[in-house]
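The values are calculated or read from the model by the stated rules, or taken from the named source; none is laboratory data. Only a predicted model underlies this, so the values are computations on that prediction, with no experimental measurement involved. Neighbour counts are summed over all protein chains in view; Cβ atoms, including those assigned to glycine, are modelled from backbone coordinates with ideal geometry.
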Amino acid sequence: MEEKWERLRAYFAEHPKVLLGFSGGVDSAFLLAAARACDAEAVPVFIQTPFQPAFEWRDAEKLAGSLGVKPERVTASPLTDEDIVANGPRRCYYCKRMLFSLLREKADALGATLIDGTNASDPEDDRPGMQALRELGAESPLRLAGFTKADIRTESHRMGLFTWDKPSYACLATRVPTGTPLDAGTLQKVEKAEDALFQLGYKDFRVRVFHGAARVQLLKADWPDEEQRGKILSTLKPYFDLVLLDMTLRQVRE
């Protein structure tokens, strides 16, 4: 682990001022803490869109505040872009391109290096979102230093970051099947349904849209008994007329 920290310290010694695309998730939270630990000037910027639930900003603000940093919040409107709304296989490219273009402009204005929280466990392929980041010159210090997701959770725990065991949380647009156009109403229903499940005590799950129904995916360890299934169905009823419990189950964090 020390070798990875040495590589990270070397990176920030070479790039002492960075602007971080900051979601408040496990990776970007650790990257912000690591940048400060390496004496870099780090500017965290959170981009609010209809794809991010409200709790993400609360977590981002709380985490940054625990480090003595005030994050900047800006807004973007991906639902004004027809390529994003169409929700095709390259939706993530168009969305990342829009969001990180805003960050690119800010980084350039500050004379800062643009960074993101991609880590060494993330696939090194030509995923559309990664393509957009490369085109805009965003760098990924955690990947460059060799930090895996497991490393990040371990080090986050050691550093006292509350995000160390936070489940991964893909944007709300991923809940809608590819090819089904996105709209604010559907995304809001998904957000409210997932918030309702949080209130029931679940932490790692998905509510996906399936032909207008809510398709609830839970971890195998969280599969509910008959009484709990009734609670789930009644809790989600205000948001979806039909609720399906997916018995294929989610086996691992996504």
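Could you check the range 175-208 and list, in sequence order, the residues that are at pLDDT 95 or above and farther than 18 Å from VAL243 by Cα?
Across the range 175-208, the qualifying residues are THR178, GLY179, THR180, PRO181, LEU182, ASP183, ALA184.
Considering only residues of the range 42-85 that are surrounded by 14 or more Cβ atoms within 10 Å (Cβ to Cβ) and polar (S, T, N, Q), which is modelled with the lowest pLDDT?
The extreme case among them is GLN52.
Pick from the range 135-192 the residues that are free of Cβ contacts under 8 Å to residues at least 60 places away in the same chain and in contact with a helix residue (DSSP H, G or I) (Cβ under 6 Å, 6 or more places away or on another chain): which of them is farthest from ARG215 (Cα to Cα)?
LEU136
From the list ALA150, ALA170, exactly one residue is outside the structural domain of ASP59 (by TED's automatic domain parsing) and loosely packed, with under 14 Cβ neighbours inside 10 Å. Which is it?
Exactly one residue qualifies, and that residue is ALA170.
Looking at the range 25-42, which of its residues are assigned to a helix (DSSP H, G or I) and closer than 12 Å to ALA64 by Cβ?
The answer is SER28, ALA29, LEU31, LEU32, ALA33, ALA35, ARG36.
Of GLU139, GLU227, which residue is of a type in the set (Asp, Glu) and surrounded by fewer than 12 Cβ atoms within 10 Å (Cβ to Cβ)?
Step by step, each of GLU139, GLU227 is checked, and only GLU227 is of a type in the set (Asp, Glu) and surrounded by fewer than 12 Cβ atoms within 10 Å (Cβ to Cβ).
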